[in-house]
Amino acid sequence: MDGINSLRNGPDENGRFGLYGGRFVAETLMPLILDLEREYRAAKIDPAYQAQVKDLATHYTGRPSPLYYAERLSQHLGGAKVWFKREELNHTGSHKINNCLGQILLAKRMGKTRIIAETGAGQHGVATATVCAKFDLPCTIFMGATDVERQMPNVLRMKMLGAEVRPVTAGAGTLKDAMNEALRDWVTNVESTYYLIGTAAGPHPYPEMVRDFQSVIGQELKEQFREREGKLPDAVVACVGGGSNAIGTFHAFLDNPEVAIYGAEAGGHGIDIENGHAASMTGGRPGVLHGNRTYLLQDSDGQILEGHSISAGLDYPGVGPEHSYLHDSKRVTYVPITDKEALDAFQLCTKMEGIIPALESAHGLAQVIKLAPTMTTDQSIVLCLSGRGDKDVESVGKYLGLLK
Amino acid sequence: MTTRIDRVFAAAKEANRPLLAAYIMGGDPDLATGQAIMNALPQAGADIIELGLPFSDPMADGVAIQMGGQRALAAGQTLRGVLGMVEEFRRKDETTPVVLMGYYNPIYIFGVEKFLATAKEAGVDGLIIVDLPAEEDAELCIPALKAGINFIRLTTPTTDDARLPTVLENTSGFVYYVSMNGTTGAVIKSRAAVGESVQRIKAHTELPVIVGFGIKTADDAAEMGRHADGIAVGTVIVDAVAKSLVDGMATDKTVGAVRDLVADLAAGLKRARA
Ligand SMILES: Cc1ncc(COP(=O)(O)O)c(C=O)c1O
């Protein structure tokens, strides 16, 4: 059991992590999210539900994902040993499937007949389309028009899986706009439709629920690392978009103060350039959007900024509320990583380890690259390698001048 | 203490007629024209003015009101600017209630206490904040009531009898019944159901009930006005502004277009109980 001073107790009954979280939604949606919470509480203690989640994790996703010692990279960096928790080897190529399987089973329990989701990089869209194919539910994926362009391979995958992909042209055509449009669809079709949110954000109970589904990452990692090295790692690192792979990685370590925890936010063109980054905690302040109070990029009038990141999955002006809480409490150190640093990390990983990481995950790796040389060779850092980079080869190819 | 809102409902009840609440986006298409539109509404037949607070991410609004908000923001509108519009309006009109309608974040960033004091001073009567359900009453609803500003709640087709008391608990001024599950500007599917729902709400509260979302024409106004103490119209008004623009700029037809439309809706509404 976690004690009263545990950092793992949140959220409270109102869905708050300290100041953050809550249920800031239109009345139309309120009865539904209260239902969802009841259903989730019931499922959590239902052995049949738990067994089904476990079975799918093993035989469909391919869990546990390996813990891999990145030997060449470690030697190259000349400090701490670097390890990858290989979520990119999951079915569909990222951590997103962990959450989608948990939620689709809930949607089924609730008798919902249609699924909607937002997506940035398209990884969540692909994972959603995948579980919808498997469980025979129609699905509509909202995706910013800019992202449709820069993540074309994933758009094709979603379509082949039978999903309808709706490009959203409002705003900058990125993740925030996709989420607005998904919420509009949801209020319109609330009776039939389940909104399968892809990150640990949104109104309560989503941040808690998505965290629980992703916490398998940190739990496995802790056990695997202990088996290999007989101790805890000295640091864990993950990239932070909405924050689902990060909270999933961090949660098991929150009450182990000897483990340093780092979240890599999208620093874009640089944190000093207004609207040129998507580092909501380093460069934003608390506000209310998309159902929760959390750190947001916004102007002095409370209008939300679009932000920028080379990585579609991190290009979001907010972050999950539990991260805001962990930021204020200083348990987790959040750092901005620029587009350039992420691109360099992407290439280094590809060339040294033969692993092409997602651009999102490359942000986490860039932090590892900074950190490892400052540590000793008997210390270890574990990175959550949240996804594979197949979806990014075309846009990275363009940046590198490999395509005209 | 009777409020402006209480007084207009009492007068309408006396006259056995439903009220017209007209929604405009504050500062659309530009600040000066937005003010002129607001000032023209009472004469045209609006009993209550719902003044939209522009927000970058209006999750519960359809395209028309989204665009209206974008025009206002592009013209430099701010929360303080909207409060300034109310102040200006009050120089000539002491009786028409003004209800601000929007989303919480700009108010949160402005500062709740400072906002309520400034709004009260400016002559704001009520607030409709879409993303503050009853579960978040401590944020703004309770402080607003203390400051003497009504907090008007939206009830929807998904608000069932079990939930209604929760939703109505801290509601004051009037209750706004959203005629459908959807965003502003969508189409009402079942008109008969709207009347039943209003009766259902009235079984739980003494407050007047107005119906909004999906009312587009004078005939709609006449029909919906039969079921409720008033109706709210927004999307078609914001659309009328949009249609009057040339290259995105106000023309000499803009204010008149809104005035004529509101007069037409008010005339339709007069037939509701005829
Ligand atoms: C591979 C990968 N990592 C990370 C993210 C960011 O999401 P989150 O912060 O919720 O893990 C995404 C989102 O699309 C992703 O595809």
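The values are calculated or read from the model by the stated rules, or taken from the named source; none is laboratory data. What you are looking at is a predicted structure, and each value in this text was computed from that prediction instead of being measured. Glycine also receives a Cβ, built like all others from the backbone with ideal geometry; neighbour counts cover every protein chain displayed. With ligands, DNA and RNA removed, areas are computed over all heavy atoms of the protein, side chains included. Shrake-Rupley method; radii C 1.70, N 1.55, O 1.52, S 1.80 Å.
Key figures
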| read-out | value |
| --- | --- |
| Coarse-grained scattering of the protein assembly as shown at q = 0.10, 0.11, 0.12 Å⁻¹, given as base-10 log I(q)/I(0) from a Debye sum over alpha-carbon atoms | -0.91, -1.06, -1.21 |
| Residues A:GLN75 and A:ASP35, FRET efficiency given R0 of 51 Å [Cβ-Cβ distance, rounded to 0.05] | 0.45 |
| Residues of type aspartates and glutamates that A:LYS330 reaches as a straight line, Cα spacing below 15 Å, ignoring anything fewer than 8 places off in the same chain | A:ASP255, A:GLU258, A:GLU322 |
| Nearest-0.05 FRET efficiency for A:THR188 and B:ASN170, computed from C-beta distance (R0 30 Å) | 0.65 |
| Difference of contour (0.36 nm per residue) and Cα-Cα distance, A:ILE4 to A:ALA51 | 13.9 nm |
| ³J(HN,Hα), Karplus 6.51/-1.76/1.60, whole Hz, each residue of the range B:152-168, x for Gly, Pro | 9, 9, 8, 10, 9, x, 7, 7, 7, 4, 5, 8, 3, x, 4, 5, 7 |
| Å² of accessible area per residue within the protein assembly as shown, as computed with a 1.4 Å probe and no ligands counted | 36 Å² |
| Phi-based couplings in Hz for the range B:183-190 (Karplus 6.51, -1.76, 1.60; Gly and Pro marked x) | 8, 4, x, 6, 9, 5, 8, 10 |
| Cα radius of gyration and Dmax for the range A:68-200 (Å) | 16.9, 57 |
| B:ARG191 - accessible surface, heavy atoms, 1.4 Å probe, Å² rounded to 10 | 70 Å² |
| Equivalent ellipsoid dimensions for chain B as semi-axes, Å, which come from the Cα gyration tensor, largest first | 25, 23, 18 |
| Long-range amide H partners of A:LEU296 with built H, under 5 Å | A:ARG285, A:GLY287 |
| The range A:106-153 - percent of accessible surface contributed by carbon and sulfur, probe 1.4 Å | 52 percent |
| With at most 15 neighbouring Cβ atoms within 10 Å, loop GluC sites (Glu not before Pro) (DSSP) excluded, longest segment of chain B | B:1-93 |
| Normalised contact order of the range B:29-122, rounded percent, pairs of Cα under 8 Å and 6 or more residues apart | 39 percent |
| Solvent-accessible area buried by pairing A with B, both sides, nearest 100 square angstrom, 1.4 angstrom probe | 2800 Å² |
| Distance (nanometres) between label positions extended 7 Å along Cα→Cβ at B:LEU145 and A:LYS108 | 4.4 nm |
| Whole-Å distance, taken between Cα centres, linking the range A:175-205 and the range A:77-94 | 30 Å |
| Across A:LYS176/B:LYS120; A:LYS134/A:LYS391; A:LYS159/A:LYS222; A:LYS159/B:LYS243, pairs whose alpha-carbon gap is larger than 29 Å | A:LYS176/B:LYS120; A:LYS159/A:LYS222; A:LYS159/B:LYS243 |
| Where N is the number of residues in chain A, Cα Rg divided by 2.2 N^0.38 Å | 0.90 |
| Accessible-area composition of chain B, carbon plus sulfur, in percent [1.4 Å probe] | 53 percent |
| 3J(HN,Hα) from dihedral phi, the range A:287-300, Karplus parametrisation 6.51/-1.76/1.60, rounded to Hz, x for glycine, proline | x, 10, 7, 6, x, 9, 8, 6, 5, 9, 7, 7, 8, 5 |
| Residue-span extension gain [B:THR2 to B:ASP260] - 0.36 nm each, minus C-alpha spacing | 89.7 nm |
| Chain B, helix-only ellipticity at 222 nm - DSSP H runs n ≥ 4, -39,500 (n - 2.57), divided by all residues, nearest 500 | -14000 deg cm²/dmol |
| Interface residues in the range B:180-207 - accessible area drops by 30 Å² or more relative to the isolated chain, probe 1.4 Å | B:ASN181, B:GLY182, B:THR183 |
